1. Do any trypsin sites (Lys or Arg not before Pro) in the range 134-172 lie in a loop, going by DSSP, with at most 14 other beta-carbon atoms within 10 Å of their beta carbon, and if so which?
2. Using only DSSP helix segments of four residues or longer, with each worth -39500 (n - 2.57), what per-residue ellipticity at 222 nm results for the chain after dividing by its residue count and rounding to 500?
3. Loop only by DSSP, 16 or fewer other Cβ within 10 Å of the Cβ. Give me the chymotrypsin sites (Phe, Trp or Tyr not before Pro) in the range 84-188 that pass, ordered by residue number.
4. If you keep only loop residues by DSSP, which trypsin sites (Lys or Arg not before Pro) in the range 68-124 have at most 13 other Cβ atoms within 10 Å of their Cβ?
5. Can you pull the one-decimal nm distance between simple spin-label points at PHE193 and ARG11, each 7 Å off the Cα toward Cβ?
6. Which of rounded, prolate or oblate describes the range 2-144 when judged by the alpha-carbon gyration tensor and an a/c cut-off of 1.5?
7. May I ask you to compute the full-extension gain from PHE144 to ARG176, defined as 0.36 nm times their residue separation minus their alpha-carbon distance, rounded to one decimal in nm?
8. Report the charge-dipole magnitude of the range 12-142 in Debye, nearest 20, computed about the Cα centre from +1 at each Lys and Arg Cβ and -1 at each Asp and Glu Cβ.
Amino acid sequence: MEQWLGEGWTRTKIKEWLKGKLGYKGYLHSLGTAYSCRLLAQRYGLDPDKAELAGMIHDCAKSAGKGVLLKLAGDFGILIGEIEEKSPDLLHAPVGAKLAGEIFGVFDPAVTRAIATHTTGSARMGLFDKVVYVADYIEPTRIFPGVEEIRFLAGVDLDQAFLAALENTIKYVVGRGLPLHPASVAARNALLFQGISRRNRSGLG
Ligand SMILES: [Fe+2]
Ligand SMILES: [Fe+2]
């Protein structure tokens with residue numbers, strides 16, 4: 001993992017930083033995501049060390065307050081639309097991608113891209129991005145109803161797991177009466193246009 005880190009950073013130092021910034025729960029979630037990223041990367045032929053790093057730091061901006069996220073997004077030149085203004089927490093993904101470079105010296109494009117898309121998804125998700133998105137959703141400390149099914153799917157078919165996680169997230173956002181980010185819709189449409197659908201997969205379509 002050290003090969004992608006800036007000078008002076010080690011795996012141990014990153015863990016200490018995360019523990020201090022994210023609190024115990026967020027720290028465990030980061031470790032869990034790193035673990036699931038490693039397993040999924042091994043399963044789908046990606047670099048496990050790089051995926052583990054992306055998982056470990058994917059929420060590095062998570063503890064920043066709404067005001068700080070909006071300020072940092074402005075500083076970094078990240079587009080702030082109406083949805084980000086209403087739900088600034090969404091910005092922890094693109095802001096985190098930039099902070100990965102600023103703080104840890106991580107500039108690897110696969111890592112920063114996966115961090116940037118881990119919350120809303122996007123129309124062009126590569127395998128690495130999907131691994132991080134799904135790992136974030138199914139890591140061992142996640143205990144919501146239905147997580148077991150997606151954990152199982154993740155080992156069988158990553159696109160199916162990604163679609164299921166994405167659709168659950170979209171339902172959750174709609175259920176809370178919040179505006180839906182167009183990137184999430186675009187991510188789902190992209191999967192459907194590729195012929196990936198849960199209905200077809202179950203043989204009903
Ligand atoms: Fe996140
Ligand atoms: Fe996360």
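1. Hits after loop and neighbour filter: nothing returned.
2. After summing the helix terms and dividing by residue count, I get -21000 deg cm²/dmol.
3. Those satisfying the criteria are PHE107.
4. When the trypsin sites (Lys or Arg not before Pro) of the range 68-124 are filtered for loop state and at most 13 Cβ neighbours within 10 Å, ARG124 remain.
5. Modelled inter-label distance: 3.9 nm.
6. Rounded, since a/c falls under 1.5.
7. 9.9 nm is the gain from fully extending PHE144 to ARG176.
8. Once rounded to the nearest 20, the dipole reads 260 debye.
The numbers here are math on the coordinates, done by the rules we state, and not lab data. All values reported here derive from a predicted model rather than from experimental measurement. Counting neighbours? That spans all protein chains shown, and the Cβs are built from the backbone with ideal geometry, glycine included.
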